[in-house]
Amino acid sequence: MAVIKTENLTYIYGEGTPFEKRAVDDISLEINEGEMIGVIGHTGSGKSTLIQHFNGLLKPSSGSVYIDGERLWDDKARLRDIRFKVGLVFQYPEYQLFEENCYKDIAFGPKNMGLSDSETDKRIKEAAAMVGLKPELLDKSPFELSGGQKRRVAIAGVMAMKPKVLILDEPASGLDPRGREQILGMLRDYHETTKSTVMIVSHSMEDIARYADRILVMNKGRLFCLDETEKVFARAEELREMGLSVPQITRVFSRLREMGLEIDKEVYTTPYAVKLICRRLGVI
């Protein structure tokens, strides 16, 4: 079942002014419940504008957005409840922390949902454990924590609302390799544990290749494709033409094929490449 669906979605910035720009152009798509979706596109392709429609931060200029079968903006009285189904984590979410301690920051979302103190407390502790925050850190000011820990607090605040869809814009941006691995691994575990839909916007093709079931590709405000990961990266030449890269390992194997080696064209993760090489060498 589609947890997110759009029909002919169009959004125009500055409509009716000399600065008018069509940021999202006639997009129809379906995101299924329980999927891990990667979202890629060049700067200015419309990625961020698109995802802001999924929890009603932006209202379409035309077309429709459906969340869990309900059409956004049909009934303004229902808009708030529908928004709680889609949690959106912006890039550098740690900059939005403001409470005196981590516990209160994570509590902000559940409190706004009108949950009881006991339910809020339960969700805070569950979310903190899910992102790997030790209980003793909950009483600390978020400003005493490392950059990676702050980001975990910010993400936990959205997770504590238990959205059906969790959308993250560049969740590993600015982190060192270890922090990057920890954040993305945590999101994978969250996805597997909760069975909820997770969408990750990223410029890192390696990250998307490792974690996404399907990839949504935006190009100049339009939907280029929404397909299985291996099928998207098999279109490496088309991606390059629109200013996108492909995983480094994919480029290596493309070059090997150009040199005459008969080898699988759908290589986009290093573990699979290792297995392929070992098989060719007769090691396995």
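Readers should treat all values here as calculations from the given coordinates under stated rules, not as data from a laboratory. No experiment lies behind these values; they were computed from the predicted model shown. Cβ sites come from the backbone with ideal geometry, for glycine too, and all protein chains shown count toward neighbours.
Given charges of +1 on the Cβ of Lys and Arg and -1 on the Cβ of Asp and Glu, with all other atoms neutral, how large is the dipole of the chain about its Cα centre, in debye to the nearest 20? So the magnitude is around 260 debye.
For the chain, take N as its residue count and report Rg(C-alpha) divided by 2.2 N^0.38 Å.
Working: Rg = 20.4 Å, N = 284, 2.2 N^0.38 = 18.8 Å.
Against the compact-globule rule of thumb, the ratio is 1.08.
Residues whose amide H comes within less than 5 Å of that of residue 58, counting only those at least five positions distant or on another chain, are 53 (H built at 1.01 Å from N in the peptide plane).
Considering the chain as a Gaussian network with a 10 Å cut-off on Cα pairs, which listed residue, 80, 123, 151, attains the greatest mean-square fluctuation? Of 80, 123, 151, the Gaussian network model singles out 80 as fluctuating most. The spacing between the stretch 112-189 and the stretch 200-249, judged by their C-alpha centroids, is 27 Å. In the chain, the longest principal axis of the Cα atoms and the axis of helix 270-281 are about 20 degrees apart. Computed over the chain with a Gaussian network model linking Cα atoms closer than 10 Å, the most mobile of 58, 88, 184 is 58.
Relative to the dominant Cα principal axis of the chain, helix 248-258 is inclined by about 20°. Pairs 134/195; 47/76; 47/150; 47/125: which exceed 28 Å Cα-Cα? As for pairs spanning more than 28 Å Cα to Cα, those are 47/125.
Taking a quarter of the surface of the Cα convex hull of the stretch 1-114 gives a mean projected area of 9.1 nm².
Extension gain for residue 61-residue 193 works out to 43.9 nm (0.36 nm per residue, less the C-alpha to C-alpha distance).
Set the Förster distance to 41 Å, then compute FRET efficiency between residue 181 and residue 257 from the Cβ-Cβ distance, nearest 0.05.
0.90
Helix 177-194 sits at what angle to the longest principal axis of the chain, using alpha carbons and giving 0 to 90 degrees rounded to 10? Roughly 70 degrees, rounded to the nearest 10. Counted by neighbouring Cβ atoms within 10 Å, the residues 139, 105, 68 run from fewest to most as 139, 68, 105.
Of 11, 95, the sequence from fewest to most neighbouring Cβ atoms within 10 angstrom is 95, 11.
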